Amino acid sequence: MNYAQINSGVQYKKNNHNKQVIGYFTNWDAWKGISGIVPKSGYNQLNIDYSQYTILNWSFLGVAKDGSLHSGDLRNKQIYQAAAVQEPGPMFWDDIYSSYDLWLLYGDLDIIHYLPEDLDKQTSSPQYYVWQKYGYKGKGSGWTNTQTGASGNYPVSVPKQNSSAKGVLELAHANGCKMMVSIGGWSMSKHFPTVAADATKRARLAADCKKLIAMGFDGIDIDWEFPGAEGMNFTGTPPDYKNFTLLMQDIRNAIGPGKLLTAAFAQTSQRLSGFEWAKLDQTMDYFNIMSYDYGGGWSDVANHNSPLYDYPESESGSGYSWDGIYKALKSFGVNMSKVCMGTGFYGRGVVTQGNAALGAKTVKQNVNVQPDGPVTTASDFTNWPTDTWDGTPNYSAVIKKIQEEAWTKQWDDNAKVPYATKGKYFLSYDDERSVELKAAYINEHKLAGTIIWQIWGDMTNITSPTSQVAGGKFASSPQTKSALVNKLNEVFAKGTTTSGGVNPPSLPANQSPIIVFTSPDAGITLKTTSVTATANVSDPDGTVSKVEFYLNGSLKKTVTSAPYTSSLSTLVAGKNEILLKAFDNGGATTTAKLEIDYSSTVVEDPNPGGGGTTGGSGSVTPPGSNDLTYILTKELYEEMFPYRNGTAQQGANWVRTSDFFSYDKLKDAISKMSNIQVKMERRCATGAYRVTRIDKVNHVEKIIREDADFKNSNAAILTEYVDYGDFCNSGSSDVRKRELMAFLANIAHETTGGWPTAPGGKFAWGLYFKEEVGYTSSSTGGYVDSGNTLYPPTAGKSYHGRGPIQLSWNYNYGQMSEFLYGDKTILLKNPEKVAEDGSLSFQTAIWFWMTPQQPKPSCHDIMIGKWVPTSADKSKGLIPGFGATINVINGGIECGSGAQLEQVTDRIGHYDKFTQIVKVSKALDGTNSTTGLNCSNMKDFQLDYNECKGLPGGGSEPAAPGSSEHCGLLEWSATKVYNGGDKIFYDGNTYEAAYWTQGNQPSTNNGNSGQPWKNKTICSGSGTSGGGVVVPPAQTTNINPIVGITSPSNGSALSALPLTVTATASDADGTISKVEIYLNGSLINTATSAPYSAYLTALTAGSNTIMAKAFDNSGGNASATVSVTYTTATSGGNTGAGGECQGVDSWSSAKVYNTGDKARDGDIIYKANYWTQNNKPSENQGSGKPWTVVSKCDGTIDASAYGETKACAGKQILVWKTGTAYDKAGTEVFYNGNVYKSKYWTQGNTPGSSDPWTLVGPCN
């Protein structure tokens, strides 16, 4: 029999549509055997209908503390504890008796106990394939692998020759399905924040990803739960979002462009708004949204697990649904064609007060579950037991239960999902009807597809008939059916939408070719009548068939292959249009054009100032020009940037072969920028502008920006002139030097190619990169905001980071172009010019440095001392100095976390070096004080609502609701969309949006966790005061919460564990946001709702301090402590649950034990070697059996289980045996006259000659 795949006989398959159907392949489910649901080991690769899936995600590998990846079977079961860490381990566990990893990955295995050392020469040996195909042969008493360099002890496992039971990698690829690896998950994400923040650890993780690709996997899926938010055993911080981007970029660089890179994202807008979506769009293939787990055991009322639409009974309010998260993602500018929504093939059961109903209050209990540890939950463990379902049954179990028991099945027509009730038990789940609607929603909104948690969930008809294969390791069930995934493929294939219409499925549309002019430059003036036009032309999904060259509408030449170039003549006096038209093999076309001038007498200098007198070099000499040489010589510039762009290694030396960022180009940029001045008019207490560009040479003025809110407001106008000739040209020589060093330090960081051991040192590599790593001048589609109508992108252009300040996005290129040229289209059409012209590149950085971005001041004003912080600024830690320039450039990404981030340290390192080179002080007061040098305690700049006070006509005009201003804020409108952070006025108060919201009245939807509005503040005067001046929001004093510990009482003497700590908390003027419980200074648990408790399984002998710390919704906090004394149980003999047995439950014949689980049988602790049930440990321990002895309850080793002992120093020491596994760190053994102690688990490693053992001393 050939166990190739399940053919469920359905009509519609993945080949009938272009949607992604991505299923999670959970390796731990292979252990399961559930009566009437699945036979033992039935959830395996042989029972999958691969025709229904485009991608499978092996789930999960975990992340260890050093960034390496490890098998999920090696997860630290205590990882939920605050101090617990995950040690490194193999990515796939080769212990074939304790893990299914190799069985699932490779199928049936040959288990080899001996190989000849010369196997590579024994071509006729039946074992020859083991060396020929996999590289194994004998070495001493063990084996070595000539392909990988690895070695070890027997047994060793390889895929069995000619077996019909193949592994998932082979089966997936044979059936047109991609196989990826998912990393992290709920219980193995703890180390993601520290790994992603550390370049060395990121590199370690990326290197393991590269190994996975080499093994045959098609891509990597990152399941970090959750960046910037609370996970199972950690709390994220804002820098996580930036570090997530860096991690994805490192992985992409490691695995290459041809492999898949995806990630699983949370299902709420609060957890998604901080991501750098535009950058991720350049790196990732799909954004997988876990649009389930909206309601469950944590909920205070019975809610849906995965509602399609919002519904009135939701305790979280609007936005907590498929439709809600779709709208939020759109508002964040996410590329929706990459979004895969999450479909749950499972349900969630809860217990309610009284009869179960949607919206009924739940009843919670304190329990200890894996992997979470101690939790407070309303999960229904009666119908869905912890050892099998943990309150979250598969769809197959749900429909069986509903059919066989007295459950009432119901349908919520608001949420468009089913649910079922029985007495006090409530169950939310998805069925064929709701899945059909969700697939139609994906069609209608043109999303990428769906992810499925998890593929075993909808498998039915799997129990019989079956056959045992792979030596009884797997149950093969060829009659398996999968109704839900079948329904998804059917709807995708038909193209059905939620309105009942049809979007016919189609293959991806042919993409048009891309044209990028390389010469001539747009806008140049020539005095010859001919010009050579050259372009780079490519096609993203095919080939270029031809390119036509036109001059002033006349076809001049047709080129059918690269290089695409043509000599064009004859130019006419004045403007000439060059147009290129490219054709691809699919018939699509693209045109690109530029204009040049012809004049027989005048050669214009194409500088941003638009004029001026020209010297012999052709550069403009502007009035009042400053000279860089007065504050920085060329020699000192060389000292600062010895390895700048154009430097390459030739043998042992580094040689500069070109000089994009030369000293002369910086001088030229400063000179050209000095021709420009802008008049910036702004309505007070707003960010509404009118900007006028002034050509200082030709004295021409042009309005280049006028915001609608500027025209429609009556607020007083504040006017500021920005003269770009003031760059490093204001104040004393030291002020000018200091400003230049701050500028150069920041751009050096943005463009550095340095590393700690780099030649010349880490800070000698500034200006090494001229555009964002991962992009080139021919890149297309990067950083495109296609919805920006003011600065619309040009098709086929990339607006990725270019230049010293990494100018990014089409709207910034457009603004820059307006300021420099008075014409926004020049750089919108030709963004690549920033990476082609060194002078222009420097000009973009000077423009950014000099231009204020309300509410931020300009970096120039900060460094020359012109910016004076208000009292509100100071309260946010905003003070003048180099640190404030970092805040202007990168805000919360690098600042305000309380810790000095690596990026900030790098900026300061450059600044420190540069100021020493030019011999100028670092601080603005002329000293080298470190005050103001970093930005770790600086919050974001905020609009000053007081700035209108006392200004003539400073108020705002009366207007309709939704547009009138109160306290400097617009009035709330029921029809307007608000995103997280938006502030409004309503009914005498100001509010801040917590996340995407529309139509939710602030006065009734604020304050509590999960509601869309927060930070309610009284708006004194509710509008305008005399004279129409805007009244600022009133300042209120927050009252701190009250907290107390109710159990245990202070001074308690304890001798038994576990211990439940309970606390109470209340807040007089708000709500409790969370309560943290600490033991001896270590955080044990964070509770976000009552009851506030923690479950302690260990205490220190003697005195222990327990603290509860409560936080309110305004950031106030208070704490309470108690002291308790703990005395351990008496050692020796049968200590019951004392000593080592603390927290280890007695063995139960009804309980399922997985690999690594511990149980107590009598006074001995045992560890499960693999999945086991109803096998008494004392009767089933030893080699090849399900249990291994760990120790007695008094901590001693049970010698009868391990064998022979030796008397050393008055106590019995185990005699080391090569075949014995020593499971407990600290185990002492006798060998060759000495006593050794184990560092960790070991088997077959000889004491005295291998790392796992430490010498204690001679046996006396």
Check on PRO307, assigned to a loop (DSSP other than H, G, I, E, B), within 26 Å of the chain's Cα centre (by Cα) and surrounded by fewer than 18 Cβ atoms within 10 Å (Cβ to Cβ): no
Helices (runs of 4 or more DSSP H) contained entirely in the range 816-930, each with at least 3 residues that are among the hydrophobic types (A, V, I, L, M, F, W, C): 825-829, 838-850, 859-863, 882-894, 902-918
Residue list for the range 370-398, filter: among the aliphatic types (A, V, I, L, M) and under 23 Å from VAL38 (Cα atoms): ALA397, VAL398
Residue within the range 43-53 that is acidic (Asp, Glu) and assigned to a helix (DSSP H, G or I) present: no
Test for ALA357: is it touching a residue at least 40 places away in the same chain (Cβ under 8 Å) and either surrounded by 18 or more Cβ atoms within 10 Å (Cβ to Cβ) or in a strand (DSSP E or B) (or both): no
Considering residues of the range 58-77 that are in contact (Cβ under 8 Å) with a residue 40 or more places away in the chain and assigned to a loop (DSSP other than H, G, I, E, B) only, the residue nearest to the chain's Cα centre (by Cα): GLY67
Residue among ALA669, ALA742 that alone is at pLDDT 90 or above, in the same structural domain as ASP837 (by TED's automatic domain parsing), more than 26 Å from ASP823 (Cβ to Cβ) and of a type outside the set (Val, Ile, Thr): ALA742
Residue check, THR237 of a type in the set (Ser, Thr, Tyr), touching a helix residue (DSSP H, G or I) at 6+ places or on another chain (Cβ under 9 Å) and not in a helix (DSSP H, G or I): yes
Residue match in the range 719-730 (condition: modelled with pLDDT under 85, in the same structural domain as PRO857 (by TED's automatic domain parsing) and surrounded by 18 or more Cβ atoms within 10 Å (Cβ to Cβ)): yes
Cβ pairs under 6 Å, 6+ apart, first in the range 574-590 and within 14 Å of THR558 (Cα to Cα), second acidic (Asp, Glu) and at pLDDT below 90: ASP584/ASP539
Qualifying position, being crowded, with 21+ Cβ neighbours inside 10 Å, of a type in the set (Val, Ile, Thr) and assigned by TED's automatic domain parsing to the domain that holds ARG644, among THR757, THR789, THR780, THR751: THR751
Subset of the range 923-982 that is at pLDDT below 75, among the aliphatic types (A, V, I, L, M) and in contact with a Cys (Cβ under 9 Å, 6 or more places away or on another chain) - its residue that is nearest to THR686 (Cα to Cα): LEU969
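Considering every residue within the range 398-419, establish whether at least one is basic (Lys, Arg), within 23 Å of ILE48 (Cα to Cα) and either buried (at least 17 other Cβ atoms within 10 Å of the Cβ) or in contact with a His (Cβ under 6 Å, 6 or more places away or on another chain) (or both).
Taking every residue of the range 398-419 in turn, none turns out to be basic (Lys, Arg), within 23 Å of ILE48 (Cα to Cα) and either buried (at least 17 other Cβ atoms within 10 Å of the Cβ) or in contact with a His (Cβ under 6 Å, 6 or more places away or on another chain) (or both).
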Residues being free of Cβ contacts under 8 Å to residues at least 12 places away in the same chain and closer than 22 Å to LEU924 by Cα - total across the range 834-865: 1
Lone unmet requirement of (1) over 28 Å from ILE112 (Cα atoms); (2) surrounded by 22 or more Cβ atoms within 10 Å (Cβ to Cβ) for ALA203: (2)
Some residue of the range 128-138 being aromatic (Phe, Trp, Tyr), more than 24 Å from ASP73 (Cα to Cα) and assigned to a loop (DSSP other than H, G, I, E, B): no
Cβ-Cβ under 7 Å pairs, at least 6 apart or on other chains, the range 972-991 side buried (at least 20 other Cβ atoms within 10 Å of the Cβ), far side basic (Lys, Arg) and modelled with pLDDT under 70: ASN989/LYS1016; TYR991/LYS1016
Filter result for TYR97 (surrounded by fewer than 21 Cβ atoms within 10 Å (Cβ to Cβ) and in a loop (DSSP other than H, G, I, E, B)): yes
Condition met for PRO563 (surrounded by 14 or more Cβ atoms within 10 Å (Cβ to Cβ) and modelled with pLDDT under 85): no
Selection count, the range 1064-1088, where residues are assigned to a strand (DSSP E or B) and polar (S, T, N, Q): 6
Among (1) among the aromatic types (Phe, Trp, Tyr); (2) surrounded by fewer than 23 Cβ atoms within 10 Å (Cβ to Cβ); (3) closer than 26 Å to GLY219 by Cα - the single one TYR154 does not satisfy: (3)
Candidate set from the range 1089-1113 (those that are in contact with an Asp or Glu (Cβ under 8 Å, 6 or more places away or on another chain) and in a loop (DSSP other than H, G, I, E, B)); member that is farthest from ALA1056 (Cα to Cα): ASN1113
Residues satisfying the stated conditions in the range 1-20, i.e. of a type outside the set (Phe, Trp, Tyr) and either assigned to a helix (DSSP H, G or I) or touching a strand residue (DSSP E or B) at 6+ places or on another chain (Cβ under 6 Å) (or both): SER8, LYS14, ASN15, ASN16, LYS19, GLN20
The lone exception for SER41 - which of (1) buried (at least 21 other Cβ atoms within 10 Å of the Cβ); (2) modelled with pLDDT of 90 or more; (3) not aliphatic (A, V, I, L, M) it fails: (2)
Condition broken by GLY1195, with the remaining ones in (1) surrounded by 15 or more Cβ atoms within 10 Å (Cβ to Cβ); (2) at pLDDT below 70 satisfied: (1)
Pairs, first without any contact (Cβ under 8 Å) to a residue 60 or more places away in the chain in the range 401-418, second among the aromatic types (Phe, Trp, Tyr) and buried (at least 18 other Cβ atoms within 10 Å of the Cβ), C-beta under 6 Å, six or more apart: GLN410/TYR419
Only one of LYS737, LYS702 that is part of a helix (DSSP H, G or I), more than 17 Å from TRP867 (Cβ to Cβ) and either of a type outside the set (Asp, Glu) or not assigned by TED's automatic domain parsing to the domain that holds TYR768 (or both): LYS737
Extreme residue, nearest to the chain's Cα centre (by Cα), among residues of the range 835-860 that are buried (at least 24 other Cβ atoms within 10 Å of the Cβ) and either among the acidic types (Asp, Glu) or more than 18 Å from TRP809 (Cα to Cα) (or both): CYS859
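Residue-by-condition table, conditions (1) in the same structural domain as GLY89 (by TED's automatic domain parsing); (2) of a type in the set (Lys, Arg); (3) outside any strand (DSSP E or B); (4) free of Cβ contacts under 8 Å to residues at least 60 places away in the same chain:
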| position | (1), (2), (3), (4) |
| --- | --- |
| VAL181 | yes, no, no, no |
| THR200 | yes, no, yes, no |
| MET232 | yes, no, yes, no |
| ASN243 | yes, no, yes, yes |
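The values are calculated or read from the model by the stated rules, or taken from the named source; none is laboratory data. Source: prediction; values computed, not measured. Cβ atoms come from the backbone with ideal geometry, glycine included; neighbour counts cover every protein chain shown.
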